[in-house]
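Right, one structure below, let's go through it.
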Amino acid sequence: MYPQALPMRILSNPGTFKRRSGSYSNDKPEVWFAAGSGSPNQKLSSSCVGRACGEMDTPPLSDSESESDESLVTDRELQDAFSRGLLKPGLNVVLEGPKKAVNDVNGLKQCLAEFKRDLEWVERLDVTLGPVPEIGGSEAPAPQNKDQKAVDPEDDFQREMSFYRQAQAAVLAVLPRLHQLKVPTKRPTDYFAEMAKSDLQMQKIRQKLQTKQAAMERSEKAKQLRALRKYGKKVQTEVLQKRQQEKAHMMNAIKKYQKGFSDKLDFLEGDQKPLAQRMKAGAKGQQMKKGPSAKRRYKNQKFGFGGKKKGSKWNTRESYDDVSSFRAKTAHGRGLKRPGKKGSNKRPGKRTREKMKNRTH
């Protein structure tokens, strides 16, 4: 069976090529594969040699060979089109078909009917003008045909600028004429222009905006609920920890009472103060007990604590001049009145008693 899709050639001088093994038996031409999917330099059988020399018919081309030939043709066409500049994005050749002539009879008749109307200029508002002259005024307004030739239609900026100048010239020419005809050119202050979109479209837009706003509000509420749940869990854990601390504090107080270290039974009544305040008050009380007494603190404040002892009670110029501690009531050795029992009245003298007797008699 012949291998398919393998181009063959007949070698008239096989001595110039090498084989894998063996030698040439005769000077008969042999058939070798020059290229293909088979192994290189693959030799046909001896029975096929005679037919390959001229007696063998060429096998028909397969589908893959025909497709490859067509692809070669299409590739050449694409290359030719690319060299001529006919290719567009996508490697497709734009085929220019014949232009279709349009004969709009009804439209032409309608335009002719509008041309035949003899209306006033206010109803038509049509003007034929060239572009506005330059700012310097050196150039006079050119005719319309010359101006059209001067404008390059391929230059977008130049084309739009010509439109703008022509519209500006029309406005400058038409406004005074409208003022003469008493045609208003400005809107009143209380004028409400009609909206570009209909009420139905605006209602749809409003409904869409309200839907978005409601969705945002729901999202915010969900976020707040999640935050509250987290905060509630945090508070719950804090309450549980506080209860455990109070329970431990009460157990310690019970153990102290049982061992005789404390004679207070306040823990049975249930202290209403928070645990932190009770612990702070207890620590403060212990600190007060450990510290010096009130008398010692007063003397330390008055006479000082530590430092130089000698001469601490001596008078100085500053203490001599300082009269802020002087009290007139306590001066002259009278001192303060001490509370206590009042003394009994003294017995009057002899002479006083005699006078008192004489008065009674």
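Every read-out reported here was derived from the displayed coordinates using simple, explicitly stated rules and does not represent laboratory data. Computed from a prediction, not measured in an experiment: that's the story for all the values here. With ideal geometry, Cβ positions are generated from the backbone for all residues, glycine too; neighbour counts draw on all protein chains shown.
Per-structure values
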| quantity | calculated |
| --- | --- |
| J(HN,Hα) series, region 239-248, from Karplus relation 6.51 cos²θ - 1.76 cosθ + 1.60, nearest Hz, glycine and proline x | 5, 5, 5, 4, 5, 5, 5, 5, 5, 5 |
| In sequence order, calculated HN-Hα J values of region 196-202 (Karplus, 6.51, -1.76, 1.60; Hz; x Gly/Pro) | 5, 9, 6, 5, 5, 5, 5 |
| Whole-Hz ³J(HN,Hα) from phi, Karplus 6.51 cos²θ - 1.76 cosθ + 1.60, for region 174-179, glycine and proline x | 8, 4, x, 5, 5, 5 |
| Exceeding the 32 Å Cα-Cα cut-off - candidates Lys295/Lys329; Lys302/Lys329; Lys230/Lys256; Lys299/Lys329 | Lys230/Lys256 |
| Cβ crowding within 10 Å averaged over residues, with 182-191, 226-235 ranked highest first | 226-235, 182-191 |
